[in-house]
Each structure stands twice: as structure tokens, then as C-alpha cells.
Amino acid sequence: MQRNLIVTVLVALIMASFVLAYTTLLPTEAQPQMGGGSMDGMEADALVVPPVRGFTEGQEIRFIHTEASTPQVADMLTEMMGSPVLVVPELADVPESARANVYVFQNGIKGDGPFGFQPDVFDNPPGTDDYSPLRTVNLITWVDEANARELMSADEVFEAEAAGELTIEQPGAVVNMPLLSWPGGQRQWVIRHADRYLSSAERRRRGTGVGQS
């Protein structure tokens, strides 16, 4: 019974990720129109979930956060994105074999990650056998910040850990983080429209306003 519930939650979240990417993340002119282009008085642009910059396999990517398993993580990501990240405790019950990993930096090179340091690093992007939008959070701490450098792949993270340069801790949080672009692929709207809808952290880094192209 419990396993069936976990599988149901996983399937529902994956389906929701695709719906978000196809509808709420579409540029305004491609979004389904309701009530003359608005819903409950809201313009279509208000429905956009802001993309976030990250790295995988040595390349820059875009992704979104939609749900997190703990209130603390959800609150942090909501503030970072300027868009609500929902709390779904059942995410932590999804088997590890059905999750991939994200590496989040707590110190080191300044950037637009959740703690104000470099962007998150992902393993297993789409097209790999173990891809999943559900990510186990791994917290990275540089032992000596003087040795910190921007890492762009999980392999680089592991090499630095093996060299004793950083530590990896798993706090037990799981986040639903669908990728919008990845090495060799992207959802159609991303290349043309991603910079119009930046996360709050990235807007601050670039000094731009919402919706600028």
C-alpha cells in the first residue's frame, strides 16, 4: 500500500512537471487564453515560473523548482525564485533509486545559488539512464575557501571531495527540479525566452528587472 502511494506521488509530480514546462512556462503569446487573455484578472505573464541557472556535465543549463520535502527548503527557494515552491513531505519517501542528485554550495565562489554561492550542479541530465526530476539535496562546503573554484559537473565535485577540498552532506531534503535545458536538448521556449523570466537571485546578479529581454 505504502509503495503504491509513493509510486502514485512520483508519477503525479513528474506529470505536473511536464504540465508546468508546457503551459506556465510558455511565452505569453503561446499560452492558452482564458477570459480574454487573463485568469481572475491576472495577466498571463503572472503565471510564469522563473527559470534558474545551473550546471551539468560541464555545461550551463536552466531548471525550475516546483516542490520541496521540507518547509525550510521550500521557504528558501521561494525567496530565491520569487515564486512559490510547495511543501510535499512525501517526496522524502520516494526511493533513492527513483531520484537523481543536486549539489548545492554553502560557501566558495559567489553566485546565484540558494546560499548566494555558485549555481547548483546536477548529475544525470535527461537522456541518461538515471534521470529524474526529483533530486536529493547534497550540501557542499569548501574546507578552505581559498581553494574554491566554480565546478560544473558531478565528476568535478567528486574529484574535489576525493582530494579533501570539500565535504558533502545530505540533510534529507528532496526537491522536484525539472530541467528546461540540458546538453543536447531543451524545451522549445527556453533558448528564445529564458532570459525574460529570471529568478530573483539572477535578476539581482544581472541588475535587471522582471520581464526584460
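The values are calculated or read from the model by the stated rules, or taken from the named source; none is laboratory data. Bear in mind that the values here come from a model prediction, so they are computed numbers and not experimental data. In this analysis, Cβ positions are derived from the backbone assuming ideal geometry, glycine residues included, and neighbour counts consider all displayed protein chains. Surface accessibility is based on the protein's heavy atoms, side chains included, excluding ligands, DNA and RNA. Shrake-Rupley method; radii C 1.70, N 1.55, O 1.52, S 1.80 Å.
Being without any contact (Cβ under 8 Å) to a residue 24 or more places away in the chain and out of contact with any helix residue (DSSP H, G or I) (no Cβ under 8 Å at 6 or more places or on another chain) is the filter here; which residues of the range 156-184 pass it? Within the range 156-184, 158, 159, 160, 161, 162, 163, 164 qualify.
Figure legend. Inter-residue proximity from the range 40-63: first residues at pLDDT below 85, second residues of a type in the set (A, V, I, L, M, F, W, C) and assigned to a strand (DSSP E or B), beta-carbon distance below 9 Å, spacing 6+ or different chains. Indicated pairs: 46/39; 47/39. Would you pick out the residues in the range 140-155 that are over 9 Å from residue 107 (Cα atoms) and under 22 Å from the mean Cα position of the chain (by Cα)? Correct list: 149, 150, 151, 152, 153, 154, 155. Being open to solvent by less than 30 Å² (accessible area, probe 1.4 Å) and either of a type outside the set (Ser, Thr, Tyr) or closer than 17 Å to residue 169 by Cβ (or both) holds for only one residue in 94, 87, and it is 94.
Take residue 34 and decide whether it is aliphatic (A, V, I, L, M), loosely packed, with under 13 Cβ neighbours inside 10 Å, over 17 Å from the mean Cα position of the chain (by Cα) and at pLDDT below 50.
When the stated conditions are applied, residue 34 passes them.
In the set (1) touching a Lys or Arg at 6+ places or on another chain (Cβ under 6 Å); (2) of a type outside the set (Phe, Trp, Tyr); (3) touching a residue at least 60 places away in the same chain (Cβ under 8 Å), residue 100 fails one condition alone, (3).
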